[in-house]
Structure formats: C-alpha cells, structure tokens
1. Quick check on the protein assembly as shown: helices-only [θ] at 222 nm, where DSSP H runs of length 4 and up contribute -39,500 (n - 2.57) each and the sum goes over total residues. Nearest 500, please.
2. Taking amide hydrogens as modeled 1.01 Å from N in the peptide plane, which residues meet the under 5 Å criterion relative to residue A:108, leaving out close sequence neighbours?
3. Please list, ordered by chain and number, the residues whose modelled amide H lies under 5 Å from the amide H of residue B:125; skip anything fewer than 5 residues away on the same chain.
4. Mind giving me the nanometre distance, one decimal, between the label points for residue B:14 and residue B:137, set 7 Å out from Cα along Cα→Cβ?
5. For segment A:40-83, restrict the atom set to alpha-carbon positions and state the Rg and Dmax in Å.
6. Compute the FRET efficiency between residue A:229 and residue A:329 as 1/(1 + (r/R0)^6), taking r as their Cβ-Cβ distance and R0 = 22 Å, and round to the nearest 0.05.
7. If you plug each phi of segment A:25-36 into the Karplus form 6.51 cos²θ - 1.76 cosθ + 1.60 with θ = phi - 60°, what whole-Hz ³J(HN,Hα) values come out, in order, with x for Gly and Pro?
8. Could you pull out the pairs from A:201/A:421; A:214/A:479; B:67/B:154; A:376/A:449; A:151/A:303; A:118/A:458 whose alpha carbons sit more than 32 Å apart here?
Amino acid sequence: MAHLTDEIASVLREEISRFQSGIDVREVGRVLEVGDGIARVWGLSGVMAGEMVEFPGGITGLAFNLEENSVGVIILGDYLKVTEGDEVKSTGRLLSVPVGDAVIGRVLDPLGNPLDGKGPVVSELRRPVETLAPGVAERSPVREPLQTGIKAVDAMTPIGRGQRELIIGDRKTGKTAIGIDAIINQKNSGVKCFYVAVGQKDSSVAVAIDTLRKYGAMDYTTVIVAGASVAAPLQYIAPYSGTAMAEHFMVNGQHALIVYDDLSKQATAYRQLSLLMRRPPGREAYPGDVFYAHSRLLERSAKLSKELGGGSLTSLPIIETLEGEVSAYIPTNVISITDGQIYLQPDLFFAGQRPAMNAGISVSRVGGAAQTKAMKKVAGGLRLDLASFRELEAFAQLGTDLDAATQQRLDRGYRMVELLKQGQFAPMDVVDQVLSIYAGTRGHLDEVKRDEVADWEKGFLTFVRDQVPELRKRVDESKELDAESERQLEAAIAEYKRQRAAHAGGGKQLAGAR
Amino acid sequence: MTTSATNAESGHVDIAADRVAKIYAQAIIEAGEAAGCRPEVIAELATLARDVLPKVPEAATVFASPKVTPEEKDRIIDRVAGGRMKPTTTNALHVLARHGRLGMLGAVVDAAERLADERDGRQQAVFTTAIPLDSAEQARIVADTEKALSATLKPRFVVDPAVIGGLVVRVGDTIYDQSVATGLARLGGRLQQRNIHAIQTGEYSWHT
C-alpha cells in the first residue's frame, strides 16, 4: 500500500510542477433551449457552420444553423445532460473520428467510441467526418470487380470497385443479407469492410454482428452503430463517419467496401433534425437539401487514379421502400445518385427465389466493365433473358398451348431461376459461378428436373474440384474462358452427366435388388 | 463603469424581444445623433429603466400593461419626462408607448448601449475576479487588456469567488481565462487522462 501512495504522490507532484496557468482562450455561448437532440445557443458569434462545439461534461455538438441572433446546435451525445443556461464552447475544429487499422474489427458509435467493451480505440490518426469527394481528375474509371459471391448479383448486376450499387426493396426481402454476404465474401480479397447500421433495431444489429463474427468477417470489418434508440443527430452523422473511416483505406491505396443500412432511416433522422431546427419542409416534409445529404455522401465512394494510389471505396447503400413504391422521394433520389440498383421483391422472396432480385429492373451502370472476361462470356444476355422469361411465364400461366420453342425457353428460364437461388452466408467463388452459369445458359440443365438443379450444381462443382482441377485452375488464373477451356468444360460436363446417370441408375438397380 | 448586469448576461435571453429592441435602439441612436445628443439620450433612458423603474415597480407594470391605453401612457410620460429630459428622449418614449413596446424599455436600453459602443469602436468587457479590486488595480488591468487586444474597452467588474484566483476576461463572446479554477479543472482532466492511459497500457501495478 505504501508503494501505491508513493506512486500516486509522485504522479501528483509531477503534474503540479507542470501546472502553469496558461491563458485559456475560448469563445462561448449560452444554451437558450434544449430538447430532442438539438439546442439553441445565444452567443458563439464567431462559430462556423459545421464546427464542433463543446457542452459541459465533454458532450459534443455540431453548429447546424447559424441565425441572426442564435446558433442551432445538434447534440451528439446525451442531450438530457445539457440544461438551459449551460456554457457552450466553440472548438475551432471540425468533427472527426479515429481511423486506421485500430478501428478494424470493432463495433463503434458514430463518434468512434467503442460499443463492444474491448477498450478504447487507440489511434493517432483522425479524419474529418465531412470531407469533399474526390474530383474528376483524381478518379479513374471503375474496372476491377468487387465479387459479392452472390451468383445473381455477380452475373447480372456486377459491381466494380468504386461503384455505388443501391440495394432497394420492401421490408423483409433480404436487403441486409446481400450486404452481409458481400462482406463475408471479402474474406481473402483484402477489402476492408464497414457496416453502418442506422436506425436499426439493436437486436437486428446484434444478429448481424454475430453473423459476421461467426463467418470470420469481423477480422476485417468495422461496424458503426446508431440504433433506433439513439438521438437523431447521431443517426444523421453515422454514414458520414463510417465513410470517413473507410476513406482512410481508399486514400492509402487500399480497397474498402461500405454498406449503409439503411439510408431511408438516415433521411428520416435528418428530416427530424431539420424540422426541429425549423428549416422549411419540402416534399414528404423532407428538407430541401436531403438530396445533397445523400449525394455528397455517396459521391465519396470512388476509384482513385493511379497517381493517388489507385485505392477504391465501393458502397452498397440500402433503401427500404413501402409497398414497392420506388417513386417515393428518397428512393428516386438515391436511385438517381447511384450507379445502379438491385431491386428485391417480396413476391419473389415468398416464392422461394432468394435472393429475391427482380432481374428486369435491376441494373448496374458501370459494373459491366468490371466483370471478368469469363463471367462476361457466360452471363452476357442472362439478365435480359431472365426478364423476358418472367414475361413469358406470366403469359404461360393463362394456360394457352405453347409451341416447342416457347416451351423450351420457359424450361430454360425455370432452370436458370433455380440455378440463381443461393443460400444465405454461402458466398460462391467466381470460378464456381462461371462454371455453373455456363452449364445453365448453354442448356446442360434443360433435362434436369427443376427440384434437382441445386443438387446437380453442387455435385458438378464438387466433380470439377475433385476430378478436373486443372480446368478450374486454368479459368481461375486466366479469368477467361477461351476455346480450349470451353472444350474441356464441355467434356467435363459430359463426363459428370455420365457419372451422375450411372450413379442414379446404379442406385435404382441396388434399390430394385433389395 | 456601470455595474448593472444587462439582460443577456444575467442569463435571460429572449431572442424575439432582442430583435425588436435592436430596431428601436437603432432608431433612437440615429435620432440622438441627428439631434447631437446621443450620449445624453441613452443616459436618460438608462436612468429611467435602471434607477427609476426598479424603485416604483407599479410604474413598470403600468408601462408593460396593454390595458393602459397609449394615450394614458403618453400623459404619464409627459408628466414624468416633460422638461426634465431631452426632447429626443421624450419622443423616444412616446414612440415606444404608441407601439406598445414601453414594457421592453430595459431591453431597448441594453441594445442601444451595445450599439453605441459598437459605433464608437468600444467593446464591452467583463472582468471577473475572486476578490474585489481597488480602482488602481482596475485601471491597470483595463489598460493592459486594451493594449493586449488593441481595442477600446467598456469594462465591468464582477466578483465571483468560484474562480478561486486569477482573472477571467470576457470580451464579446470570447473568454480569456487565467483563473485558478480552470487551471485546476485542466489539471484534473490531465491526471484522469494520464491514469486512463496508464491503466490501458498496464503501466500501473497497483494490485500488488
């Protein structure tokens, strides 16, 4: 105990010797009114828009509205601890968050404070939450693919590094699942992942984190949580701070992926703030600059030019629609900002087609350039074929007699739909995707029963892996499906079909013998 | 050197009233300048608002009440100010009365003083100390501060034992704080930070 006392005493002595009464210069104001996460402050005449201010007790705020006689501040933290008459200090700094390797594998709040009980985030590096997006000269076209491991997405709406691909759909259609699957698939790709949960139920976020952990994805992922129970200001800034953390990797020549789950909730939080701040409401009561709120956020996803290291930030914003209403304000805004959308439909979801992607209206405007040659070769036209199949299917349900060609197209379509079904958390390697989509689009599945397609595919991929590994290796290395590979693949499929038939026949014979 | 606290500094701020008061204040100041008696007008209004009205609380109620008609108020103003005050002051009071703003005379005077200082290039400064200062000390501190900030100040001195020692100067919204209280708070924060850091890095072995 004496040892302890000495230690404390020495620390105190040292600190007191350094106690110089330097002048503390600060600009202050006083809280006039506070509530619902915002405060109106009198004074602070020199404060700048977006500047960080400090309330007593270390609570931070952000100067949001500069008015003639007062300043509107959004409070990032526990606003119940701020009271009328409190002194507010301006800091002369912008809001920033810790970035770098220290944030990887952590669960953080939008200010970079840990929520996972693993101790503080120790990082020398910080980055302002709001930064200007890279300009035209600093970018290069999107070329490299970002594999999501989901067949339907990688084949029909390919995503390139630096792209913004919107995931849109009603509640419970598997939007988050696509984002999580994409993160899980980045395991050995070196892409750093960020999952920003805005306005989500804490229970859903806990499940998502648990899933990421279970599949080993937390080793390269950061989760930024502003749940449904936190104040609107934090929900509003969460996507920006997540982007700041992800951008750090982009500007250092690495690749990052960020999933915003979801931006409709962020827009709602922003609407709440704006209305409380008495900014004039516009369409659906959203403020006039809600478009800018999303465009400046998504514009920060980019593929940087070679001179700047060639890093990239890919984003997967999620938007929840109500009753499939894509022409509502926020969905149309975000659709127009992003480079394409993956549209998920509840009827497909309940019909068992998962991911429930509607091929007809899902697009990727830039991802085509980022597809591997092999994938481009096998999947070209797949999206349009599937879309026309959907139309044909609706027509066929009328019960009319169909000619052989139409029937054949229908059969092919049914097989392709089956082939594109994929379980959750089961991302697939791009080579495997190429092989199975090849089998489907070239008609090798046409005589397979619909409910056996999944089994056929599984068996085929195992067959290729075990019995013709050189073919798999060849496609994997060249990323191409040249004539020779194609010939080998045809031979492999023929051999697999023979073995499968023999196996099935053998099984029947055995069963008959019994 | 006035010692009365203005509305804003005493903690109560009404932004809407403040805005209205500013407009009247500007008008009064400009009228005063035109008549060449601005300081007198402000001083007279200040005397009325700060020295007379607190002594006769009923008068303040009458001034603020919408039940009392403007004509009635005009009559009172004439009786009170007629001949004793400058014509500009009397007119200003009449204008306030007719627009039903006589109740915010205090705010108007505050705003007028601020505006007059602004126009003269003077800044209001509040010096807070733990113990009262004598006038020589006050003069020295004001002179030093004016020199350091290269500004003309309109000083006001406040005694607040909570600062413990040292001096806190507030000019506009900026605070120059060299008080012992702030120094101690900073020291406390630093010790806390240091301990947190030490515990995190495992520097301490206090469990032994």
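The numbers here are math on the coordinates, done by the rules we state, and not lab data. Here the structure is a predicted model, which is why all the values come from computation and not from measurement. A quick note on method: Cβ atoms are made from the backbone with ideal geometry, for glycine too, and the neighbour counts reach across all protein chains shown.
1. Numbers: 24 runs with 323 residues, N = 722.
My calculation for the protein assembly as shown gives -14500 deg cm²/dmol from helical runs alone.
2. HN-HN under 5 Å from residue A:108: A:115, A:223, A:224, A:225.
3. B:154, B:156
4. Simple spin-label model gives 3.8 nm for this pair.
5. Every Cα atom of segment A:40-83 included, Rg and Dmax give 9.8, 28 Å.
6. Values: r = 26 Å, r/R0 = 1.16.
Computed FRET efficiency for residue A:229 and residue A:329 comes out at 0.30.
7. Taking θ as phi minus 60°, the curve returns 9, 8, 9, 10, x, 10, 5, 8, 8, 8, x, 6 Hz for segment A:25-36.
8. Numbers: A:201/A:421 28 Å; A:214/A:479 30 Å; B:67/B:154 39 Å; A:376/A:449 27 Å; A:151/A:303 24 Å; A:118/A:458 40 Å.
Too far apart for the 32 Å limit: B:67/B:154; A:118/A:458.
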